Structures are given as structure tokens and as C-alpha cells.
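Novice: Before I ask anything, here is the structure I am working with.
The values are calculated or read from the model by the stated rules, or taken from the named source; none is laboratory data. Quick caveat, the model's predicted, so the values are computed rather than measured. So basically every Cβ, Gly included, is an ideal-geometry build from the backbone, and we count neighbours across all protein chains shown.
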Amino acid sequence: MKISSTKIDILQEIGNIGVGNAATALAHLLQTKVNMRVPRATFLDLKEAITLIGGVEKQVVCVNLRVEGDVPATILYIFDQPSACALVDLLLGQKRGTTTALDEMGYSAVMEIGNIMTGSFTGAIAEMTGLQLVPSVPALAHDMLGAIFATAVAASGYAEDQVLCIQTSFVGMQNQDRMDSHFIMLPEVESLDRLFAALGVVTETQVSGVDCNRM
């Protein structure tokens, strides 16, 4: 699956809108200003994505869900453990470092933020394309990164070798905490065709399907 620079630029813009919406929603939830760093969107193969996030044995917290509708896909929103704990402290108004391990309340806080983040990204895609995206009820996993990817790929039946990865960072202005995360999308092949077609970008699949005798 070869992705052109034009398509990457489009995905980058989707990332910008999604992160901007998420920052606004988080600021409203936390009652404090939240800054965002410009996200980086890219397509990586599974091994590269795992390496980028920290390796197969890295402990992470992941909000995962299935999206149906016009763009079927599996979405993973992944935080490393320090960032997840920092998010809990920020959400609960605690000093950074108060949360060192996630309990039931911590998982609930991460789930709430993950809901906001994934909703912001799927909303950005819908806003830019006019396509319908129907997210499922999200689930939370706390495990090694390799296990989370293996479970997601097996459950979704994903057959491609590449995933969309959008790296994001948020900074809470009250205490300057930086929280890193990765938005991973495992789209079905037809989903990418529909997505780019809705944005006016002709895909290789569409070109190959054109009857040249009619041109």
C-alpha cells in the first residue's frame, strides 16, 4: 500500500483538526488551557509502528474501538504508562507524580480521555469528508504493546502491512506536563479508497479500474 505525499498531507490535516478538537474538549473538561503540539501523520508497517511507540515489551494503556459505516476500521489510542498517569493527575487536579499506578479510578479517567480523543479524530474525518463513521463502545487494555497489537490485528482480521499512525502531544498549561500518545488506525482497503475519494484524491485502485478505451 503506497501512500503519496499528497495523501499524507491530507491525513496530517485530519490529525490537526482532530488534535485541535481534542484540545478544546480536554480544556473544557479540565477547566484549564491545554496546548497541543502539531501532530505527525504517517503510514508505517506494523513492526515500525511498534518500534516507534517503544517496542513489543513496552507497557502501555490503550483505548480501542471498532468503527463501522463508510470507513470501517479498528482504532487504537495508545498512551505510555507515564503519560497515562500524568493524564490521571491532570484530570483529577493532582500534583504530577501522585499517580504511579492505575487503579479503577485511573482506568476510568484514561477511558474518558480516550473517548474524547478517538471521538475527536473520527469527528475530524467525518467533518472533512462528509462520510458516516459509527464508533463502537470503546474498551480499555493495559498490557505490553506487542500483545495489544496482536490482539487488535487478530480481532479485526486486518490483512494489510501498514497502519496510519498519528503522534500527538498535549501540554497542560497549569503544570507544564507533557503527555504523549499515538492514534493508530487499521483501515480496511476499501476504507482508504472511500476516504481519499471523498476528499477528491484519486487512488491507484480507482485509476486501475478506469476503462482506458473510454478516455
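Novice: Six or more apart or on different chains, Cβ under 9 Å: which pairs go from a residue in the range 168-181 that's basic (Lys, Arg) to one that's part of a loop (DSSP other than H, G, I, E, B) and modelled with pLDDT of 75 or more? Could you list them?
Specialist: 178/37
Novice: Tell me, yes or no, whether the range 104-111 has at least one residue that is under 30 Å from residue 199 (Cβ atoms) and surrounded by fewer than 19 Cβ atoms within 10 Å (Cβ to Cβ).
Specialist: Looking through the range 104-111, none of the residues is under 30 Å from residue 199 (Cβ atoms) and surrounded by fewer than 19 Cβ atoms within 10 Å (Cβ to Cβ).
Novice: Can you find, within the range 27-72, the residue that is surrounded by the most Cβ atoms within 10 Å (Cβ to Cβ) among those that are out of contact with any strand residue (DSSP E or B) (no Cβ under 7 Å at 6 or more places or on another chain) and within 20 Å of residue 162 (Cβ to Cβ)?
Specialist: 50
Novice: Tally up the residues in the range 141-170 that are exposed (fewer than 15 other Cβ atoms within 10 Å of the Cβ) and either under 27 Å from residue 16 (Cβ atoms) or in contact with a strand residue (DSSP E or B) (Cβ under 6 Å, 6 or more places away or on another chain) (or both), please.
Specialist: Qualifying residue count, the range 141-170: 1.
Novice: Is it the case that some residue within the range 154-164 is of a type outside the set (Gly, Ala, Ser) and either free of Cβ contacts under 8 Å to residues at least 40 places away in the same chain or within 27 Å of residue 89 (Cβ to Cβ) (or both)?
Specialist: Looking for residues that are of a type outside the set (Gly, Ala, Ser) and either free of Cβ contacts under 8 Å to residues at least 40 places away in the same chain or within 27 Å of residue 89 (Cβ to Cβ) (or both), one finds none in the range 154-164, hence no.
Novice: In the range 147-158, is there at least one residue being modelled with pLDDT of 85 or more, farther than 20 Å from residue 40 by Cα, of a type in the set (S, T, N, Q) and out of contact with any Leu (no Cβ under 7 Å at 6 or more places or on another chain)?
Specialist: Yes, the range 147-158 contains a residue that is modelled with pLDDT of 85 or more, farther than 20 Å from residue 40 by Cα, of a type in the set (S, T, N, Q) and out of contact with any Leu (no Cβ under 7 Å at 6 or more places or on another chain).
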